[in-house]
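Student: Before I ask anything, here is the structure I am working with.
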Amino acid sequence: MGEDSQCAVNCAKCPGPVCYSAAFMKGPENCPTKIEADVIEKAMSRYHDPQFAEFARVSSIVEAEAYTRVPWAPQTVSPATTRLEEIINLAKKMGYKKLGVAFCLGLMNEAKILIPILENRGFDVISVCCKLGGIAKEEIGVKDEEKIVPGRYESMCNPIAQAEIFNKEKTDFNIVVGLCVGHDALFLKSAEALTTVFVVKDRLLGHNPVAVLYQSSAYYRRLLAKDQPSS
Ligand code: SF4
């Protein structure tokens, strides 16, 4: 939506969020709490769908348990858990037994560390690498000059097959470890079980993509420039 479209919902430009509090109706004119009541009501009915109801409730409990109070700052809450511990906590509370780990070949070492951690907590873990099948990239229309290294055999990433194996194995819950941009989207769309993301791939930033925003007024300020009109 363009900046001149006054009614378009744009929470990231909210002058002062109130939706987290009991003053939730005091947001700006384009606040979705005010103008999208139908959508919110429809969404609420989905939280009561048995497919999501318990998961939604437990996720909020895991969120709350991610905070604690420390003696030197008792007036506020402090973070208490890592993302990995929250994933384990959520899966435990949900009573999940079988987990699917969809990992990128480039993060095989991370998967090797992660899987025993999950197994030590009693989960059965199936892991599938993104390159399964070894199918040539040409099969999906990639030209030789569009490969990482032209002239060599390159297997395509196969997130749909990763998801289909988990679907066949009827995993209770899936965990993404560093799938590429786009491949992650195909996996999320294809997996039948709910999926969380443990690692978001960022080849330059040590899988910490938000670092680019922290550097956007310095080394990555080029990203704030508007695209030049194409000639
Ligand atoms: S929901 Fe409303 S109050 Fe919350 S961030 Fe969006 S516009 Fe602001």
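The values are calculated or read from the model by the stated rules, or taken from the named source; none is laboratory data. All values reported here derive from a predicted model rather than from experimental measurement. So basically every Cβ, Gly included, is an ideal-geometry build from the backbone, and we count neighbours across all protein chains shown. In case anyone asks, the SASA skips ligands and DNA or RNA and just uses the protein heavy atoms, side chains included. Shrake-Rupley method; radii C 1.70, N 1.55, O 1.52, S 1.80 Å.
Student: Can you spot a residue in segment 197-210 that is assigned to a helix (DSSP H, G or I) and either surrounded by 15 or more Cβ atoms within 10 Å (Cβ to Cβ) or modelled with pLDDT of 95 or more (or both)?
Tutor: The answer is no; no qualifying residue exists.
Student: Looking at Ala56, Ala64, which one is open to solvent by 50 Å² or more (accessible area, probe 1.4 Å), away from the ligand (no atom under 15 Å from the Cβ) and assigned to a helix (DSSP H, G or I)?
Tutor: Criteria check complete, one pass: Ala64.
Student: So Leu186 fits all but one of (1) touching a helix residue (DSSP H, G or I) at 6+ places or on another chain (Cβ under 8 Å); (2) outside any helix (DSSP H, G or I); what number is the exception?
Tutor: With (1) touching a helix residue (DSSP H, G or I) at 6+ places or on another chain (Cβ under 8 Å); (2) outside any helix (DSSP H, G or I) applied to Leu186, the lone miss is (2).
Student: For a quick check of your reading of the model, give me the residue pairs whose first member lies in segment 22-34 and is open to solvent by 80 Å² or more (accessible area, probe 1.4 Å), whose second is more than 7 Å from the ligand (Cβ to nearest atom) and at pLDDT below 95, with beta-carbon atoms closer than 8 Å and at least 6 apart or on different chains.
Tutor: If the second residue must be more than 7 Å from the ligand (Cβ to nearest atom) and at pLDDT below 95, the pairs left are Glu29/Gln6; Glu29/Cys7.
Student: Determine whether Thr81 is in a loop (DSSP other than H, G, I, E, B), surrounded by 12 or more Cβ atoms within 10 Å (Cβ to Cβ), at pLDDT 95 or above and out of contact with any strand residue (DSSP E or B) (no Cβ under 7 Å at 6 or more places or on another chain).
Tutor: yes
Student: Quick check on Gly95: is it buried (at least 20 other Cβ atoms within 10 Å of the Cβ), at positive phi and not charged (D, E, K, R)?
Tutor: Considered against the rule, which asks whether it is buried (at least 20 other Cβ atoms within 10 Å of the Cβ), at positive phi and not charged (D, E, K, R), Gly95 comes out as no.
Student: State all residues of segment 211-230 that are closer than 27 Å to Asn109 by Cα and part of a loop (DSSP other than H, G, I, E, B); if no residue qualifies, say none.
Tutor: Within segment 211-230, none qualify.
Student: Going through segment 103-140 one residue at a time, which ones are part of a strand (DSSP E or B) and either open to solvent by 50 Å² or more (accessible area, probe 1.4 Å) or under 21 Å from Asp172 (Cβ atoms) (or both)?
Tutor: Passing the criteria: Phe103, Asp124, Val125, Ile126, Ser127, Val128, Cys129.
Student: Being within 10 Å of the ligand (Cβ to nearest atom), open to solvent by less than 90 Å² (accessible area, probe 1.4 Å), in contact (Cβ under 8 Å) with a residue 12 or more places away in the chain and in contact with a helix residue (DSSP H, G or I) (Cβ under 6 Å, 6 or more places away or on another chain): is that true of Gly100 here?
Tutor: no
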